[in-house]
Amino acid sequence: MSKLETIKKALSNPYIVIINTSEKAFPPENGIVNVIYYFVAPKSGLYAVDELQAFMTNLIPGLEPNYKQDFEQCKNSLRLGEMYFDEKIGEKKTDITEIISSAPEEKENVNWLVPGKKSHETTEEYDRRIWITLAPSKAIGFDFLANKFNSGSWLKLEEIAKYRDAEIADKKAQIES
């Protein structure tokens, strides 16, 4: 099973909400030719750094990310956690033949330039990168994507508290009705 299939299966978990998915293709100059972005949140909001970190760590069981940015709380802000997984999806093999008909008279720094025919093969990998960013709640995730925070990947704790309080009030109202 490819990493992408494993990730799709893990994200189909009923405790996870996929807020947004997008995909981009790139020319093969840097090796990454396909990037898929997932922006997700827990179905029931999590608002403590340790809870969010544990949720993200267990989000994709059986796969180790190539990169992980942990959730981080600094003074009055929280940085969103994110990670990515790289997988090889193809390669480009090139056969190169060099034919040197005569050696230069100047021998310094050209010892590789020997008359004759040399062949070799080069291989360039094509990779897919799968980014996953985790928001504390579905509501925060949608508002984050709508640029309502204007703070990069950092959210103010007072704003997060408003979302937490609104979610608690909604749950309480559902129970009472």
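Since every read-out is calculated from the coordinates, none of them should be taken as a lab result. The structure presented is a predicted model; accordingly, all values stated were derived computationally and were not measured. Glycine gets a Cβ as well: all are built from the backbone with ideal geometry, and neighbour counts include every protein chain shown.
Pairs exceeding 18 Å between alpha-carbon atoms, taken from 93/117; 3/88; 24/68; 9/43; 75/156: 93/117; 24/68. Seen through its C-alpha gyration tensor, with square-root eigenvalues sorted a ≥ b ≥ c, the chain comes out prolate because a/c lies at 1.5 or above while a/b is bigger than b/c.
Modelled spin-label separation between residue 37 and residue 93, with each label point placed 7 Å from Cα along the Cα-to-Cβ direction: 3.6 nm. Anisotropy class assigned to the range 124-177 is prolate, per the alpha carbon gyration tensor with a/c at or over the 1.5 cut-off and a/b larger than b/c. Cβ crowding within 10 Å, taken as a proxy for footprinting-reagent exposure, orders 133, 6, 94, 57 from fewest neighbours to most as 94, 57, 6, 133. The magnitude of the dipole of the chain, with charges of +1 and -1 set on the Cβ of Lys/Arg and Asp/Glu and taken from the Cα centre, is near 640 debye. Once both labels are positioned 7 Å from their Cα atoms along Cα-to-Cβ, the gap between residue 113 and residue 100 label points is 0.8 nm.
Suppose R0 equals 25 Å. What FRET efficiency, 1/(1 + (r/R0)^6) with r the Cβ-Cβ distance, do residue 26 and residue 147 give to the nearest 0.05?
Details: r = 24 Å, r/R0 = 0.97.
With R0 = 25 Å, the Cβ-Cβ based efficiency is 0.55.
Residue exposure proxy: 114, 17, 40, ordered by other Cβ atoms within 10 angstrom of their Cβ from fewest to most, comes out as 114, 17, 40. When the chain is modelled as a GNM with alpha-carbon springs shorter than 10 Å, which of 132, 100, 140 fluctuates the most? So, out of 132, 100, 140, the one fluctuating most is 100. If you run the Gaussian network model on the chain, springs between alpha carbon atoms under 10 Å, then out of 95, 127, 143 the most flexible one is 95.
What is the dipole size for the range 107-175, taken about its Cα centre, with +1 at each Lys and Arg Cβ and -1 at each Asp and Glu Cβ, in debye to the nearest 20? Present the calculation step by step, with values, prior to reporting the outcome.
Numbers: 12 positive and 11 negative charges, 11 e Å.
Taking the Cα centre of the range 107-175 as origin, the dipole is about 60 debye.
Remark: spin-label model distance residue 169-residue 49 equals 2.8 nm, labels positioned 7 Å along the Cα→Cβ axis.
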